[in-house]
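Engineer: Sending over a structure as structure tokens; questions will come in a sec.
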Amino acid sequence: MSEQIEQAISREYEAGFVSDIESDTFPPGLDEDVIRRISKMKDEPEWMLEWRLQAFRSWQKMEEPDWAHLGYEPIDYQEISYYSAPKSMKDRPKSLDEVDPELLRTYEKLGIPLHEQEVLAGVAMDVVFDSVSVVTTFREKLAEAGVIFCPISEAIREYPELVKKYLGTVVPRTDNFFAALNSAVFTDGSFVYIPKGVRCPMELSTYFRINELNTGQFERTLIVAEEGSYVSYLEGCTAPMRDENQLHAAVVELVALDNSEIKYSTVQNWYPGDENGVGGIYNFVTKRGVAETNAKISWTQVETGSAITWKYPSCILRGDNSVGEFYSVALTRARQQADTGTKMIHLGKNTTSTIISKGISAGNSSNAYRGLVKMGPNADGARNFTECDSLLIGDTCAAHTFPYIESANPSAIVEHEATTSTVSDDQLFLCQQRGLDIEKAISMIVNGFCKDVFRELPMEFAVEAGKLLEISLEGSVG
Amino acid sequence: MLKIEGLHANVEGNEILKGLDMTVNPGEVHAIMGPNGAGKSTLGYVLSAREEYEVTAGKVSFKEQDLLELEVDERARAGVFLAFQYPVEIPGVSNMEFLKESVNAVRKERGQEALTAAEFLKRAKEACKQVNLPLDFLKRGVNEGFSGGEKKRNEIMQMIMLEPTLCILDESDSGLDIDALKVVADGVNSQRSDDRSFIVITHYQRLLDFIKPDFVHILADGKIVKSGGPELAKEVEASGYAWLENHEEASA
Ligand SMILES: Nc1ncnc2c1ncn2[C@@H]1O[C@H](COP(=O)(O)OP(=O)(O)O)[C@@H](O)[C@H]1O
Ligand SMILES: [Mg+2]
């Protein structure tokens with residue numbers, strides 16, 4: 001069996017491509033001057049620059065964390081360029097003919113329509129195309145509801161009071177090494193504001209912000225849901241996007257005010273590196289939300305990309321009766337390493353949290369779940385349920401589980417379940433005996449394993465996520 | 001349809017099949033009986049290309065092709081179906097999804113269009129009824145939490161859906177009460193046709209009261225030691241397998 005599986009999973013990354021030389025990019029290096037220039041490029045107000053500089057000064061005194069179950073060569077932060085302008089029309093591929101056919105094949109398998117493929121592949125389009133009208137109607141509909149959804153750089157200029165009020169309140173500038181770096185140098189990301197009592201009329205997806213193709217390596221997102229409002233936000237896209245940056249350090253902050261709900265779904269499918277772990281994105285993300293009274297925050301993530309993933313979407317359940325959820329599928333193969341999980345910090349009374357984590361490891365990869373459930377002294381009647389399942393494909397991969405529980409309240413209840421299973425020979429044989437090829441068999445078994453998480457994803461996303469797993473597990477012969 | 005000649009097979013280095021011959025013509029039902037450990041399940045696995053079962057000598061042709069050349073899934077798509085003695089669970093994968101993928105994989109091989117969702121559902125519901133499984137079984141995970149009898153009936157349902165040409169049933173009767181046994185037998189009988197053949201592996205004669213075989217073979221120590229008509233099964237029931245000992249001694 002293991003040999004068959006080896007073959008089936010040792011595929012080439014279907015979205016890999018070589019990029020052109022970029023001209024409009026800062027030279028490598030990071031100092032206060034670079035930050036001033038970023039701020040200037042973005043036409044930012046003085047307070048924003050000051051905010052960045054303070055973050056930078058803190059960052060300089062901080063140490064890169066080394067507690068995660070990850071191994072990689074030290075990153076030289078002076079060797080990175082911190083600003084690269086979106087490619088100009090003339091530097092972009094003129095048509096899909098100029099785009100890596102492997103990338104197109106992936107799009108095809110995902111069933112992505114042609115014009116959307118063009119957008120994702122970064123094809124230069126200065127003519128009107130179908131999606132533009134989609135985006136326009138989309139904007140109009142949101143404006144009617146009073147919802148703000150725009151690049152954060154625009155929000156800093158257009159809605160400074162809102163940004164000032166909430167930026168850094170959930171993830172402080174000095175929260176951790178990567179968050180501090182992001183605070184200093186972030187170049188783009190999204191801003192979402194849902195007014196009181198408004199149910200956002202559609203799923204918000206970064207995908208709709210197609211004018212912002214190169215969202216950059218230091219993305220910053222801030223979502224504010226006013227009292228009694230609701231929003232579902234999709235980050236990323238199941239189709240791999242053009243991306244030339246190796247280091248990613250994003251920060252996402254969610255503010256869920258009383259009785260509101262934020263549902264945040266992510267599909268992350270960046271370049272994982274080759275069989276030997278060369279190349280590939282390093283993804284160090286800080287995602288956190290604060291839920292006030294009766295509010296709910298739900299994180300759902302499907303992680304199949306990146307060479308290194310360091311990511312713990314968390315909920316601070318500050319208000320009484322607030323709810324936090326974390327549903328995660330993390331798939332690693334080849335030499336990918338993932339250390340991911342969540343933190344549920346119960347501060348209010350009767351707060352509840354649910355954690356469902358599904359880790360799938362194949363090849364020589366390493367997949368770690370790291371979760372903290374903390375019950376504060378005032379969290380009377382708080383409850384957590386955690387389920388952590390690992391699925392191993394082959395025998396050269398590894399799965400680890402690091403659950404941390406800290407309870408300062410005797411009335412709080414914490415439940416933890418963990419399982420480790422393998423894709424068994426018997427299961428594969430049954431599938432193949434019914435006519436399925438080995439790749440289909442593996443992807444079906446893996447999809448079944450992930451079902452509890454996929455059902456939390458918005459419908460269309462769930463279907464695509466399933467297909468994405470299938471592609472991620474596919475052999476090089478497609 | 002199927003011709004097995006001088007088949008030898010090893011499992012983990014031990015020779016289990018030791019020169020097995022057998023010919024199955026279209027439309028025939030062959031019963032294989034024999035004591036535990038004789039190699040009955042091994043024969044089923046060898047015919048369906050399970051990895052641990054290594055053919056060391058002999059030939060197997062199936063519908064004019066060299067069966068041994070084909071992989072597990074290729075054989076399945078060519079029409080070989082094995083109903084398992086111990087069906088395995090696939091958590092989270094619904095029976096419906098599983099059947100749909102399988103049926104369409106097989107249809108594709110035959111050059112047929114994939115079934116539409118509606119047509120598939122119609123057939124699946126009929127098949128469910130035929131083996132007396134409630135419709136909600138389609139939504140449940142493959143064999144997930146099924147009782148022993150339900151698993152066996154589920155195998156027959158898959159067989160009905162996949163329309164294979166060679167059906168190998170490995171102790172589809174074991175652990176069934178008489179009612180369930182009848183359901184399984186009815187399911188099988190409904191599929192009998194001039195161009196579909198069956199190899200029915202069983203330890204007991206009882207099943208053969210309901211599925212009438214054309215031929216009965218006794219498999220012992222990796223070989224067919226005796227073949228005959230349905231009356232052979234009755235003999236076995238009357239006298240057990242003890243006579244085999246003598247037979248082996250005699251042939252040794
Ligand atoms: N996977 C296996 N590994 C090791 N030995 C096996 C395996 N499968 C079958 N055997 C051995 O092969 C012999 C025949 O087994 P089997 O074909 O299951 O017999 P039957 O179905 O007639 O009871 C037995 O001695 C059994 O222990
Ligand atoms: Mg057996």
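The values are calculated or read from the model by the stated rules, or taken from the named source; none is laboratory data. Computed from a prediction, not measured in an experiment: that's the story for all the values here. Reconstructed Cβ throughout: ideal geometry from the backbone, glycine too, with neighbour counts over all protein chains shown. Areas reflect the complete protein model, heavy atoms only, side chains present, ligands, DNA and RNA absent. Shrake-Rupley method; radii C 1.70, N 1.55, O 1.52, S 1.80 Å.
Engineer: Restricting to region B:11-28, and then to whatever is within 16 Å of ligand 1 (Cβ to nearest atom) and touching a strand residue (DSSP E or B) at 6+ places or on another chain (Cβ under 8 Å), can you tell me which residue is nearest to the other protein chains (Cβ to nearest Cβ)?
Structural biologist: Filtering first and then ranking leaves B:VAL11.
Engineer: If we scan region B:62-71, do we find a residue that is facing another protein chain (nearest Cβ under 10 Å), open to solvent by less than 20 Å² (accessible area, probe 1.4 Å) and either in contact (Cβ under 8 Å) with a residue 60 or more places away in the chain or not in a loop (DSSP other than H, G, I, E, B) (or both)?
Structural biologist: no
Engineer: Mind counting the residues in region A:27-44 that are open to solvent by 40 Å² or more (accessible area, probe 1.4 Å) and closer than 19 Å to A:TYR159 by Cα?
Structural biologist: 3
Engineer: If we scan region B:205-215, do we find a residue that is of a type in the set (Phe, Trp, Tyr) and touching a His at 6+ places or on another chain (Cβ under 7 Å)?
Structural biologist: Checked against the condition, which is being of a type in the set (Phe, Trp, Tyr) and touching a His at 6+ places or on another chain (Cβ under 7 Å), region B:205-215 yields at least one hit.
Engineer: Just checking, does region B:29-45 include any residue being within 16 Å of ligand 1 (Cβ to nearest atom), open to solvent by 20 Å² or more (accessible area, probe 1.4 Å) and assigned to a helix (DSSP H, G or I)?
Structural biologist: Yes, region B:29-45 has at least one match.
Engineer: Looking at region B:163-181, which of its residues are open to solvent by 10 Å² or more (accessible area, probe 1.4 Å) and in a helix (DSSP H, G or I)?
Structural biologist: Selection gives B:ILE178, B:ASP179, B:ALA180.
Engineer: Would you point out the residue of region B:105-118, among those that are free of Cβ contacts under 8 Å to residues at least 12 places away in the same chain and either open to solvent by less than 60 Å² (accessible area, probe 1.4 Å) or small (Gly, Ala, Ser) (or both), that is farthest from the other protein chains (Cβ to nearest Cβ)?
Structural biologist: It comes out as B:ALA118.
Engineer: Considering only residues that are of a type in the set (Asp, Glu) and under 22 Å from B:ARG107 (Cβ atoms), look in region B:129-184 and name the one that is nearest to the chain's Cα centre (by Cα).
Structural biologist: B:GLU155
Engineer: Next question, about the same structure. Just the residues that are among the hydroxyl-bearing types (Ser, Thr, Tyr) and more than 14 Å from ligand 2 (Cβ to nearest atom), please, taken from region B:21-57.
Structural biologist: Within region B:21-57, B:THR23, B:THR56 meet the criteria.
Engineer: Sort out which residues of region A:150-167 are open to solvent by less than 30 Å² (accessible area, probe 1.4 Å) and closer than 20 Å to A:ASP43 by Cβ, and write them in order of number.
Structural biologist: A:CYS150, A:PRO151, A:ILE152, A:SER153, A:ALA155, A:ILE156, A:VAL163, A:LEU167
Engineer: Checking the condition within 14 Å of chain B (Cβ to nearest Cβ) and over 20 Å from A:GLY305 (Cα atoms), which residue from A:LEU469, A:LEU428 passes?
Structural biologist: Selected residue: A:LEU428, the only one of A:LEU469, A:LEU428 that is within 14 Å of chain B (Cβ to nearest Cβ) and over 20 Å from A:GLY305 (Cα atoms).
Engineer: Only one of (1) within 11 Å of chain A (Cβ to nearest Cβ); (2) more than 21 Å from B:GLU74 (Cβ to Cβ); (3) in contact with a Phe, Trp or Tyr (Cβ under 9 Å, 6 or more places away or on another chain) fails for B:LEU99. Which number is that?
Structural biologist: Among (1) within 11 Å of chain A (Cβ to nearest Cβ); (2) more than 21 Å from B:GLU74 (Cβ to Cβ); (3) in contact with a Phe, Trp or Tyr (Cβ under 9 Å, 6 or more places away or on another chain), the lone unmet condition for B:LEU99 is (2).
Engineer: Now for a different question. Out of the residues in region B:1-20 that are open to solvent by less than 20 Å² (accessible area, probe 1.4 Å) and within 16 Å of ligand 2 (Cβ to nearest atom), which is farthest from B:LYS223 (Cα to Cα)?
Structural biologist: B:ALA9
Engineer: Can you pull out the residues in region A:292-305 that are in contact (Cβ under 8 Å) with a residue 40 or more places away in the chain and either outside any loop (DSSP other than H, G, I, E, B) or touching a Phe, Trp or Tyr at 6+ places or on another chain (Cβ under 6 Å) (or both)?
Structural biologist: Residues satisfying the conditions are A:LYS296, A:ILE297, A:SER298, A:TRP299, A:THR300, A:VAL302, A:GLY305.
Engineer: Pairs only if they're at least six apart or on different chains, beta carbon under 7 angstrom, first in region B:10-39 and under 21 Å from B:PHE62 (Cβ atoms), second of a type in the set (D, E, K, R) and within 14 Å of ligand 2 (Cβ to nearest atom); list them, first residue then second.
Structural biologist: Taking only residues 6 or more apart or on different chains, the pairs are B:ILE32/B:LYS40.
Engineer: Hey, among the residues in region B:72-84 that are crowded, with 18+ Cβ neighbours inside 10 Å and of a type outside the set (A, V, I, L, M), which one's farthest from the other protein chains (Cβ to nearest Cβ)?
Structural biologist: B:GLY79
Engineer: Test B:GLU144 against the criterion of being at pLDDT below 95, part of a helix (DSSP H, G or I), more than 16 Å from ligand 1 (Cβ to nearest atom) and out of contact with any helix residue (DSSP H, G or I) (no Cβ under 8 Å at 6 or more places or on another chain), and give yes or no.
Structural biologist: Answer is no for this residue.
Engineer: Same structure, new question: Can we say B:ASP195 is open to solvent by 40 Å² or more (accessible area, probe 1.4 Å) and touching a residue at least 12 places away in the same chain (Cβ under 8 Å)?
Structural biologist: Considered against the rule, which asks whether it is open to solvent by 40 Å² or more (accessible area, probe 1.4 Å) and touching a residue at least 12 places away in the same chain (Cβ under 8 Å), B:ASP195 comes out as yes.
Engineer: Taking region B:154-189 on its own, how many of its residues are closer than 19 Å to B:VAL24 by Cα and more than 16 Å from ligand 1 (Cβ to nearest atom)?
Structural biologist: Count: 8.
Engineer: Would you check if B:GLY187 is more than 13 Å from every other protein chain (Cβ to nearest Cβ), closer than 21 Å to A:LEU430 by Cα and within 16 Å of ligand 2 (Cβ to nearest atom)?
Structural biologist: So B:GLY187 does not fit the description; no.
Engineer: Only one of (1) within 15 Å of the chain's Cα centre (by Cα); (2) open to solvent by less than 10 Å² (accessible area, probe 1.4 Å) fails for B:ALA49. Which number is that?
Structural biologist: (2)
Engineer: So if I check each of B:GLU89, B:GLU150, which one is more than 14 Å from chain A (Cβ to nearest Cβ), surrounded by 17 or more Cβ atoms within 10 Å (Cβ to Cβ) and of a type outside the set (A, V, I, L, M)?
Structural biologist: None of the other options fit; the residue is B:GLU150.
Engineer: Quickly run through region A:371-399 and pick out the residues that are loosely packed, with under 15 Cβ neighbours inside 10 Å and either within 14 Å of A:SER357 (Cβ to Cβ) or not hydroxyl-bearing (Ser, Thr, Tyr) (or both).
Structural biologist: Of everything in region A:371-399, those that are loosely packed, with under 15 Cβ neighbours inside 10 Å and either within 14 Å of A:SER357 (Cβ to Cβ) or not hydroxyl-bearing (Ser, Thr, Tyr) (or both) turn out to be A:PRO377, A:ASN378, A:ASP395.
Engineer: Hey, does region A:404-422 have a residue that's more than 10 Å from chain B (Cβ to nearest Cβ), surrounded by fewer than 22 Cβ atoms within 10 Å (Cβ to Cβ), among the aromatic types (Phe, Trp, Tyr) and under 25 Å from A:TYR327 (Cα atoms)?
Structural biologist: Yes: region A:404-422 contains one or more residues that are more than 10 Å from chain B (Cβ to nearest Cβ), surrounded by fewer than 22 Cβ atoms within 10 Å (Cβ to Cβ), among the aromatic types (Phe, Trp, Tyr) and under 25 Å from A:TYR327 (Cα atoms).
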